[in-house]
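The structure follows.
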Amino acid sequence: MRLRRLVLLLFVLTTILMVIVQCTQIQSSDPRGAAYAGSATCVKCHQDISSNYAHNAHFKTSKDLLADSGTVKNEKYLDTLDLPVSEFVFNAGTKVGIERRQGALYQVAYVNGREVKAERTEVVFGSGRRAFTFGFWYGDQMMQMPLNYLTKAHQWANSPGFPDDQIYFGRPIIARCLECHSSYIEQKATPVNKFNEEEQFVKGSMISGIDCERCHGPAAEHVEFHLENPEEKRPSHMIKYKDLPLSRRLDMCGLCHSGTEVQANGSKFAFQPGDTLNHIPQFNTFNGGEPDVHGNQMQLLKASPCFIIGKADCISCHDIHDDKPKSVALYSNKCMTCHQGDNHPKLKGVEQALIKQNCIDCHMPEKNSNVIGFQKSNSKDKIPYQLRTHRIAIYKDLVK
């Protein structure tokens, strides 16, 4: 009898021990591998940051509507974007209808009044601060839809680079696009003997948006250590950005904010804080031009006195976790931390207090992109894509 009780007691203790171990270890189902904890795990200890970041443009830069994280249906997400049904006219006989069908949003091609193709919106790119781009699955390929929606102009427009006289459903969304508009997607291996094989992906493997571990690196060891040592408040097994050299901090942001002028060793999905980018000389530097305002924020910042002299980097001005709307006054206050004693001898008639409320429009003006424009419906005209330059400078054409 005593032996039986002893065996029973050992069994109960073993069971309790196993439960404790399982609760303190990271049971990660992250498709990136066991080194990743998954962003949901970060919420346990970083609730305020996670709550703010959930509304941040980086986090909202993509959404897989059919299988976000492989499990959750998200087609109702489109309802929150407030996208109107409408039509886009190429010419008298060719148009694209934006239509609701069975609770989903479709882009439908019509030629001479006859429907010739219809595709359901299945992937959304962009935070919506300026525009949305849409995709659909064609087998195991992700394809771009013909129309974008411009949130500031409140209108549908032909996608940049698409033909201006016909409907085009044929542009693949490749890994290079997804490396900066998502945190991961599993790419299928394609036969090496197949010529011009388009990139294919595993449906349901996409991690939408830029999540915590995309910028901070794999966190499974960090989470496991702090679950086992809750009294330890100093972050362990995690690289702090402030401890990185200036060039490495810039490289982490420049991974996606340098256009095509940078290369990573291997997939950009594997790039981690402290890694180094390979910089490709820009053609612009040879002809005396300036990098386009679209996608070249790092190059423009590096050409600024604030970087060259003041060693300002991206996080000097940007709180990447913040979800609050930004204003020129907010950023101007950041300018004043270094330029408190500055005056404007050429602007003597202007109230100095007003100047300090808006340094940005003069020293970082909005410019039209030379590579992106959005074609209007029933017109060959294009809506310019305006972005604020990150070359902080004195623009003489703005000084009167």
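The values are calculated or read from the model by the stated rules, or taken from the named source; none is laboratory data. Source: prediction; values computed, not measured. Neighbour counts run over all protein chains shown; Cβ positions are idealised from the backbone, glycine included.
Under 6 Å between Cβ atoms, which residue pairs at least 6 apart in sequence (or on different chains) link something in the stretch 222-250 that is in contact (Cβ under 8 Å) with a residue 24 or more places away in the chain and more than 30 Å from LYS311 (Cβ to Cβ) with a partner that is surrounded by fewer than 16 Cβ atoms within 10 Å (Cβ to Cβ) and β-branched (Val, Ile, Thr)?
Close Cβ pairs (under 6 Å, with a partner that is surrounded by fewer than 16 Cβ atoms within 10 Å (Cβ to Cβ) and β-branched (Val, Ile, Thr)) amount to LEU227/THR24; GLU228/THR24.
So in the stretch 113-124, with the set limited to residues that are crowded, with 21+ Cβ neighbours inside 10 Å and assigned to a strand (DSSP E or B), which one is nearest to the chain's Cα centre (by Cα)?
VAL124
Pairs under 9 Å by beta carbon, first residue closer than 20 Å to LYS60 by Cβ in the stretch 15-44, partner modelled with pLDDT under 50 and loosely packed, with under 12 Cβ neighbours inside 10 Å, six or more apart or different chains?
If the second residue must be modelled with pLDDT under 50 and loosely packed, with under 12 Cβ neighbours inside 10 Å, no pairs are left.
Here's a follow-up. For the list (1) modelled with pLDDT under 95; (2) within 21 Å of LYS60 (Cα to Cα), I need the number of the one condition that SER183 fails.
Status for SER183: all satisfied but (1).
Moving to a separate point now. I'm checking my understanding of the structure. Among residues of the stretch 153-174 that are assigned to a strand (DSSP E or B) and over 20 Å from the mean Cα position of the chain (by Cα), which one is surrounded by the most Cβ atoms within 10 Å (Cβ to Cβ)?
So in the stretch 153-174, the residues assigned to a strand (DSSP E or B) come out as 155-158, 172.
With the extra rule that they be over 20 Å from the mean Cα position of the chain (by Cα), the set shrinks to 155-158.
Values: GLN155: 17, TRP156: 23, ALA157: 22, ASN158: 25.
Ranking the qualifying residues of the stretch 153-174, first place goes to ASN158.
Quick one: which of GLY126, GLY139 is assigned by TED's automatic domain parsing to the domain that holds LEU66, under 26 Å from LYS268 (Cα atoms), in contact (Cβ under 8 Å) with a residue 60 or more places away in the chain and touching a His at 6+ places or on another chain (Cβ under 9 Å)?
On the way: GLY139 fails: touching a His at 6+ places or on another chain (Cβ under 9 Å).
Of GLY126, GLY139, the one residue that is assigned by TED's automatic domain parsing to the domain that holds LEU66, under 26 Å from LYS268 (Cα atoms), in contact (Cβ under 8 Å) with a residue 60 or more places away in the chain and touching a His at 6+ places or on another chain (Cβ under 9 Å) is GLY126.
Oh, and also: For the stretch 99-112, which residues satisfy the criterion of being in a strand (DSSP E or B) and small (Gly, Ala, Ser)? Step through it out loud before you land on a result.
Residues of the stretch 99-112 in a strand (DSSP E or B): 99-101, 104-111.
Hits for the stretch 99-112 are ALA104, ALA109.
Return yes when GLN155 is under 30 Å from ASP30 (Cα atoms) and touching a strand residue (DSSP E or B) at 6+ places or on another chain (Cβ under 8 Å) and no when it is not. Full working, then the answer.
Numbers: under 30 Å from ASP30 (Cα atoms): no; touching a strand residue (DSSP E or B) at 6+ places or on another chain (Cβ under 8 Å): yes.
The answer is no for GLN155.
Any residue in the stretch 39-47 that is hydroxyl-bearing (Ser, Thr, Tyr), within 20 Å of the chain's Cα centre (by Cα) and modelled with pLDDT of 85 or more? Spell out the reasoning first.
First, pick out the residues of the stretch 39-47 that are hydroxyl-bearing (Ser, Thr, Tyr): 39, 41.
Subset that is within 20 Å of the chain's Cα centre (by Cα): 39.
Restricting the remaining residues to those that are modelled with pLDDT of 85 or more gives 39.
The answer is yes, given that some residue of the stretch 39-47 is hydroxyl-bearing (Ser, Thr, Tyr), within 20 Å of the chain's Cα centre (by Cα) and modelled with pLDDT of 85 or more.
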